[in-house]
1. If you go through region 11-31 one residue at a time, how many are over 9 Å from the mean Cα position of the chain (by Cα) and under 20 Å from residue 71 (Cβ atoms)?
2. Specify which of the listed residues (62, 93, 74, 43) is open to solvent by 70 Å² or more (accessible area, probe 1.4 Å) and under 13 Å from the mean Cα position of the chain (by Cα).
3. Could you list all residues from region 1-29 that are in contact (Cβ under 8 Å) with a residue 60 or more places away in the chain, open to solvent by less than 50 Å² (accessible area, probe 1.4 Å) and more than 14 Å from residue 60 (Cβ to Cβ)?
4. Helices (runs of 4 or more DSSP H) wholly in the chain with at least 1 residues that are touching a helix residue (DSSP H, G or I) at 6+ places or on another chain (Cβ under 7 Å) and polar (S, T, N, Q) - which ones?
5. Quick check on residue 37: is it free of Cβ contacts under 8 Å to residues at least 12 places away in the same chain and open to solvent by less than 70 Å² (accessible area, probe 1.4 Å)?
Amino acid sequence: MDMQRLDSALGRLGITSRYLGSSYLCYAVCLAAERPDLLLHVTKELYPAIAAHFGTTCPCVTRNIRTVIDVVWTLKRSVLQSLSPYPLNKKPTVAQFIAILAAPFIG
C-alpha cells in the first residue's frame, strides 16, 4: 500500500489528523485495499476490525468516519467528485467513501 499516495488523497480532501476519523478511515482504506470484500460487510466485519485495532467501539468508528465524510462533502465536494469513478448526486455512504479512496490501491 502506497501510504504517501493515500496521505496525499486525504490531504486534498482536507482530512487531517485533527479528525479522529482520519486514522479510522486510513486503516479502513488499507483493509479494503487488501480485502475488497470487506466493503460488502462494513458493519459486520470492517467496523469491528477497525474498532479492535484502535481499542474502541463500532459506533465510535462509524460516528467519526461519518464526521469526516460530512466535512469532505461540505468543504471539498468537488475534490471528492474528481476522485470518484461515478457521479455523486448525494453524500456517499461510508462504504462508498472508502471504496472511492481504496479504488486506486485495489488490484
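1. Summing the residues that are over 9 Å from the mean Cα position of the chain (by Cα) and under 20 Å from residue 71 (Cβ atoms) in region 11-31 gives 11.
2. 93
3. Once the filter is applied, which keeps residues that are in contact (Cβ under 8 Å) with a residue 60 or more places away in the chain, open to solvent by less than 50 Å² (accessible area, probe 1.4 Å) and more than 14 Å from residue 60 (Cβ to Cβ), region 1-29 yields 6, 9, 10, 13, 14, 29.
4. Ranges flagged: 20-34, 58-75.
5. Yes.
The values are calculated or read from the model by the stated rules, or taken from the named source; none is laboratory data. The structure displayed is predicted, hence computed values, not measured ones. Glycine also receives a Cβ, built like all others from the backbone with ideal geometry; neighbour counts cover every protein chain displayed. All accessible areas refer to the heavy atoms of the entire protein, side chains included, with ligands and DNA or RNA removed. Shrake-Rupley method; radii C 1.70, N 1.55, O 1.52, S 1.80 Å.
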